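Report on the following structure.
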Amino acid sequence: MISVGPEKLGGIGMKKEDVVRFESLEAQLKGVYQEMQSLTRKSPSDAVNKFKLELINNILMDLNPFLTNLGYPLKYSQGFKDDLLPFNSDVLLVLSQYLSQMENLRARAFSP
């Protein structure tokens, strides 16, 4: 993980409190990603339960303003629908896209 201080992300218009929130959400997303990775290895075609789905959706919804305001719109920006429970592997795929976009944001913060 690349550590970016407020002065770096602040260079692309993020306030210190936004950076702190971004880093907190990043840590949460990485934790959920690891859990989903484990579940996907065991049973990729199992449906994600509603509790996990709500937790994941909350993290994604909180991340969207950071990513969409900087030109990183994501297809699942409205979250997963709990009436159509996705498979573990589907959720893992979307989480990996979010992690990639977050890394793109960090890379952009370091570019001159």
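The values are calculated or read from the model by the stated rules, or taken from the named source; none is laboratory data. Since the model is a prediction, treat every value here as computed from it, not as a measurement. Here Cβ is always computed from backbone atoms with ideal geometry, including for glycine, and neighbour counts include all displayed protein chains.
Points worth noting:
- Taken over region 47-57, the residue count meeting the criterion of being assigned to a loop (DSSP other than H, G, I, E, B) and among the hydrophobic types (A, V, I, L, M, F, W, C) is 1.
- Residue list for region 66-103, filter: modelled with pLDDT under 85 and either part of a helix (DSSP H, G or I) or within 19 Å of SER38 (Cα to Cα) (or both): PHE66, LEU67, THR68
- Residues located in region 1-46, provided they are assigned to a loop (DSSP other than H, G, I, E, B) and either at pLDDT 60 or above or more than 18 Å from SER96 (Cβ to Cβ) (or both): SER3, VAL4, GLY5, GLY13, MET14, LYS15, SER43, PRO44, SER45, ASP46
- Scan of region 83-98 for residues that are in contact (Cβ under 8 Å) with a residue 60 or more places away in the chain and loosely packed, with under 15 Cβ neighbours inside 10 Å, ordered by number: SER96
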